[in-house]
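> This structure is in structure tokens; I'll ask about it shortly.
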Amino acid sequence: MSTKLTHEQLLALLSDMSIEEKAGQLAQIPISACMEGVTEPTGPMAEMNLTPEQIALSGSVIAVRKIEAEDCAKVVRDITALQPHHIPPLVMKDVIHGHQTMFPIPLAIGSTFDEGVAEDMGRCGALEGAVSGTHVTFAPMVDVVRDPRWGRVMESPGESPLLCGRMGAAMVRGTRGDDIAAPDRLAACAKHFVGYGISQAGQDYAPIDVSRTELYNTYLPPFQACIDAGVDMMMPAFVGIDRVPCVCNEWLLKDILRDRMGFEGMVISDWDDPRQLINHGVAKDLREVSKLCLEAGLDMDMMSFAHLNCLADLVREGKVDEKKLDEACLHVLALKNSLGLFDNPVKNDSNAYQQEICGSESIRKAAWEAAVKSCVLLKNDGALPLRTGCKVALVGSHADEHAILGGWTLDADTESTKTLLDSFGEDERITLVSPEEADVILLATGENQSDTGEDCSKAHPSLTSEQMAELHSLNALGKPVVLLLFCGRPLIITDALPLCSAVLNVWFPGTEGANAIRALVMGDRNPSGHLSMTMPRALGQVPIHHDRLSSARPWVEGAVYVNRYKDESNFPLFPFGFGLSYTTFAMEASAEGNVVTVKVVNTGSVAGETVVQLYGRMRHGRLIRPDKRLLDWQRVSLASGESCQVRFTVTPDMLRMYDAQGKAVEPEGVCDIAVGQSSAAAYTLTVDM
Ligand code: BGC
């Protein structure tokens, strides 16, 4: 294991560095431009007018496409050799849901309600990333997401602050382990701090407006969970809080992130975000950008070169205090030290080893298990699982599609990803035939992979008119149609639902997706995913989520002047937490003191897993509260006829609220409790707080 510098040694190094060197450490440049050798900038680097000297001083490189370990190691060694104190650069990359072996998208990982799965995804992505030369990943994304129009919902574990926090923390643990210097680990970065998911009308890069109360109660907690799990880096969001862009928001980056939340790691901007202050008209030039961001608490500038071009001059001219520069630089050096880079800047420099590890059996197995657990069975009239010997038509845009991985698949080999037809074609229990000859039709359709992720906002998050026409014509054949729904967001399928005998929401399931879907469809495994985001009935309901704040005029059937639509139900098509199984579960809950005990029985004829969910609300309190919020959950696995007991302890932590000043308001009095398999579970119990 690599030797690390002491804090005193780090300070000594810092005090020996020139102002230019220190400013350089705060810059991130693209690795692609250094591939041909760092002394002769090529491509975009040449266009950016960066000099070889500036490249040599840069603290970090970012990779946005597939890179081999040997090329990556060369860039690291080249820069290290030229840097006056031989300080190696940090190599960073978006390892969002796996590296070469893709796991299901994070929204699907949220649907597993299984922290072990989230941890495995972090661990496998870190291993494949580390042997490919990466040091730091820009993950997890823990933006609480409530609007399916926003394409980036796919990158989040979902709409619940608790789910985002627990799954995010699990990803952090899996990614970084106990020691990020280990050869199979990466440093982790929580993003986007904070409120990016609130983008108005679901449009990427649109403004947001959020109250401080909502920040404290809904949007900050997942980041706190990541900090508590040891996250190394934080990325301010493209948006602004109180009209101050996050990247230069001193209140957010200092008062909240450092002082209140106790974050001690490094803060890196999002791509070119500092320079975008000029677009906002918040700063007039790059010099002002550099000063504003540094003074607000930003350490590293990703790709806008403000610090690299301007910061040293600003310090020399006395416009920026050198102490601020030192503070930021120390955060960068400390991360490098934690990664052991001063001792060993390259974790692997062998392409052969990279190839041996990436895509190996155990990693693919973990990706398969994640995909199995993440698919959500939304409807089943008995068409699933398929019977042995039946004739099956497998049709639709995604039947022979390799691109079932979802956004952020920089290193994945999409073309060699198994399609559904590849996988089902291997199954001797069924015969693939045309729809006319079939006993059952599997329609694999939905969004394209390229419709998910950044810059993928949609005004119509539903099936296209062509896809609906296909569904209608298949339905007209009078045979059961099973919809295998590919999506990076909850799609509005209200019109499609009655035309289908069964619907399996498969998200973008990753490298092992086709095999996992086959295992579920054939009944080798039982669906157990539960929705990580509410599925709306109509776009007009958006944003719709399980923990909406209460209304002073709550909806009552048939009443007027209550919280309702004239032309649509208040209820979603499928609530948060919903998911069916091939078996059924009965639950009986009771409360004693603050402990809720749930007896769960598998009442069906096959083994299965479900997610026992605990929801609650304080009956009284001065602040307006959600009518219902997820407080805890447990996944259980039961054989047919088997039962088990699940125990939840209801604690003040689950129900504490914060006012606009961030002051805690302790829960007091009666807490209503609902237990069930979705957020539609009714309140049946109370606990005294
Ligand atoms: C995204 C980030 C990502 C970064 C680096 C940005 O456009 O918003 O989430 O980590 O690019 O690729």
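The values are calculated or read from the model by the stated rules, or taken from the named source; none is laboratory data. Since the structure is predicted, the reported quantities are computational estimates derived from the model, not experimental observations. All Cβ positions, glycine included, derive from the backbone under ideal geometry; neighbour counts span all protein chains shown. Ligands, DNA and RNA are excluded from the accessible area calculation, which covers all protein heavy atoms including side chains. Shrake-Rupley method; radii C 1.70, N 1.55, O 1.52, S 1.80 Å.
> If R0 is 41 Å, what FRET efficiency do you get for Val244 and Glu426 from their C-beta distance, rounded to 0.05? Can you show the working numbers first?
Numbers: r = 56 Å, r/R0 = 1.37.
So the FRET efficiency works out to roughly 0.15.
> With θ set to phi - 60° and the Karplus curve 6.51 cos²θ - 1.76 cosθ + 1.60, what are the ³J(HN,Hα) couplings of segment 328-339 in order, to the nearest whole Hz, using x for Gly and Pro?
5, 4, 5, 4, 5, 4, 5, 5, 4, 5, 4, 7
> For segment 179-265, what is the relative contact order in percent, using Cα pairs closer than 8 Å and at least 6 residues apart in sequence?
Values: 102 pairs, mean separation 28.8, N = 87.
About 33 percent, as a whole number.
> Of the cross-linked pairs Lys93/Lys324; Lys74/Lys319; Lys479/Lys599, which ones have a Cα-Cα span greater than 29 Å in the structure shown?
Working: Lys93/Lys324 27 Å; Lys74/Lys319 37 Å; Lys479/Lys599 39 Å.
In this structure, Lys74/Lys319; Lys479/Lys599 exceed 29 Å between Cα atoms.
> What is the chain's relative contact order, in percent, from Cα pairs under 8 angstrom and six or more apart in sequence?
On the way: 1707 pairs, mean separation 97.3, N = 689.
Rounded, it is 14 percent for the chain.
> Now a separate question. Would you work out what percent of the accessible area of the chain, with all protein chains in place, is carbon or sulfur (probe 1.4 Å)?
Numbers: 12370 of 25690 Å².
On the chain, the fraction of accessible area on carbon and sulfur atoms equals 48 percent.
> A further question on this structure: Got a number for the accessible area of Thr649? Probe 1.4 Å, square angstrom, nearest 10.
Estimated to the nearest 10 Å², Thr649 gives 70 Å².
> Of Phe424, Gly382, Val372, which is farthest on the positive side of the dipole of segment 368-541, counting Cα position, with +1 on Lys and Arg Cβ, -1 on Asp and Glu Cβ, and the Cα centre as origin?
After comparing all options, I get Gly382.
> Assign one of three labels to segment 505-560, namely rounded, prolate or oblate, based on the Cα gyration tensor with a ≥ b ≥ c the square roots of its eigenvalues; rounded applies when a/c is under 1.5, prolate when it is not and a/b is larger than b/c, and oblate otherwise. It would help to have the intermediate numbers written out before the result.
Numbers: a/c = 3.63, a/b = 2.89, b/c = 1.26.
Judged from the Cα gyration tensor, segment 505-560 comes out prolate (a/c at least 1.5, a/b above b/c).
> If I model a spin label as a point 7 Å beyond the Cα along the Cα-Cβ vector, how far apart are those points for Leu497 and Arg647 in nm?
3.8
> Then there is this: Amide H neighbours of Leu483 under 5 Å, counting only residues 5+ apart in sequence or on other chains, H built in-plane at 1.01 Å?
Leu443, Ser501, Ala502, Val503, Leu504
> Count charges around His85 for me, please; just the other residues with Cβ under 11 Å from its Cβ, Lys/Arg as +1, Asp/Glu as -1. Let's see the in-between values first.
Numbers: positive: Lys22; negative: Asp16, Glu21.
Counting the neighbours of His85, the net charge comes to -1.
> What's the local net charge at Thr684, with K and R +1, D and E -1, over the other residues with C-beta under 11 Å away? The partial results should precede the final answer.
Details: positive: none; negative: Glu588, Asp672.
In short, -2.
> Which of the trypsin sites (Lys or Arg not before Pro) found in segment 196-262 are in a DSSP loop and have at most 12 neighbouring Cβ atoms, other than their own, within 10 Å? Don't skip to the end; give the middle numbers.
Values: sites: Arg212, Arg243, Lys254, Arg258, Arg260; in loops: Arg243.
Here the sparse-neighbourhood loop sites are Arg243.
> May I pose another question? What are the residues whose amide H is under 5 Å from the amide H of Leu410, where those residues sit 5 or more places off or on another chain and H is modelled from the backbone?
none
> Then there is this: What is the sum of charges around Asn505, taking Lys and Arg as +1, Asp and Glu as -1, for the other residues whose C-beta is under 14 Å from the C-beta of Asn505?
Numbers: positive: Lys373, Lys379, Arg489; negative: Glu447.
Charge balance in the 14 Å sphere: +2.
> Round to the nearest 0.05 the FRET efficiency obtained for Ser605 and Asp178 when R0 = 41 Å and r is the Cβ-Cβ distance.
On the way: r = 44 Å, r/R0 = 1.07.
Plugging the Cβ-Cβ distance into 1/(1 + (r/R0)^6) gives 0.40.
> Per residue, how large is the accessible surface of segment 585-688? Use a 1.4 angstrom probe and give square angstrom.
Working: 5070 Å² over 104 residues.
Result: 49 Å² of accessible area for each residue.
> Got a sec? Which residues in segment 95-129 would a label at Ser450 touch, if it sits 7 Å along Cα→Cβ and we count backbone N under 16 Å?
none
> Highest mean first, what order results for 268-277, 294-303 on Cβ atoms within 10 Å? Could the numbers behind the result be given before it?
On the way: 268-277: 22.6, 294-303: 24.8.
Put in order of decreasing packing, that is 294-303, 268-277.
> I want the antiparallel fraction of DSSP beta bridges within the chain, as a percent rounded to 5.
Among the beta bridges of the chain, antiparallel pairing accounts for roughly 55 percent.
> Of Cys487, His530, Gly513, which is farthest on the positive side of the dipole of segment 368-541, counting Cα position, with +1 on Lys and Arg Cβ, -1 on Asp and Glu Cβ, and the Cα centre as origin?
Positive-most Cα among the choices belongs to His530.
> Using the per-residue mean of other Cβ atoms lying within 10 Å as a proxy for protection, in what order, highest first, do the peptides 345-352, 202-209 fall? Walk me through the intermediate numbers first.
Values: 345-352: 18.5, 202-209: 16.0.
Final packing ranking: 345-352, 202-209.
> Could you run the Karplus curve 6.51 cos²θ - 1.76 cosθ + 1.60 with θ = phi - 60° over segment 627-637 and give me ³J(HN,Hα) per residue in whole Hz, x for Gly and Pro?
With the stated coefficients, segment 627-637 comes to 5, 7, 9, 4, 10, 5, 7, 9, 8, 10, 10 Hz.
> A further question follows. Given a Förster radius of 51 Å and the C-beta distance between Glu8 and Ser416 as r, what FRET efficiency does 1/(1 + (r/R0)^6) yield to the nearest 0.05? The partial results should precede the final answer.
Values: r = 51 Å, r/R0 = 0.99.
The calculated FRET efficiency here is 0.50.
> From the backbone phi of segment 387-394, what are the Karplus-calculated ³J(HN,Hα) couplings (6.51 cos²θ - 1.76 cosθ + 1.60, θ = phi - 60°) in whole Hz, Gly and Pro given as x?
Coupling constants for segment 387-394: 7, 4, x, 7, 9, 10, 9, 10 Hz.
> Sticking with this one: Per q in 0.11 1/Å, what log10 I(q)/I(0) does a Debye calculation on the alpha-carbon atoms of the chain return?
Taken in order of the listed q values, log10 I(q)/I(0) reads -1.13.
> Further question: At 1.306 mPa s and 10 °C, plugging the Kirkwood radius over alpha-carbon pairs of segment 368-541 into Stokes-Einstein gives what diffusion coefficient in µm²/s?
On the way: Rh = 16.1 Å.
For these conditions, the coefficient is 98 µm²/s.
> Ignoring everything except DSSP H segments at least 4 long, calculate the 222 nm mean residue ellipticity for the chain; use -39,500 (n - 2.57) per segment, divide by total residues, nearest 500. Let's see the in-between values first.
Numbers: 19 runs with 179 residues, N = 689.
It lands at -7500 deg cm²/dmol.
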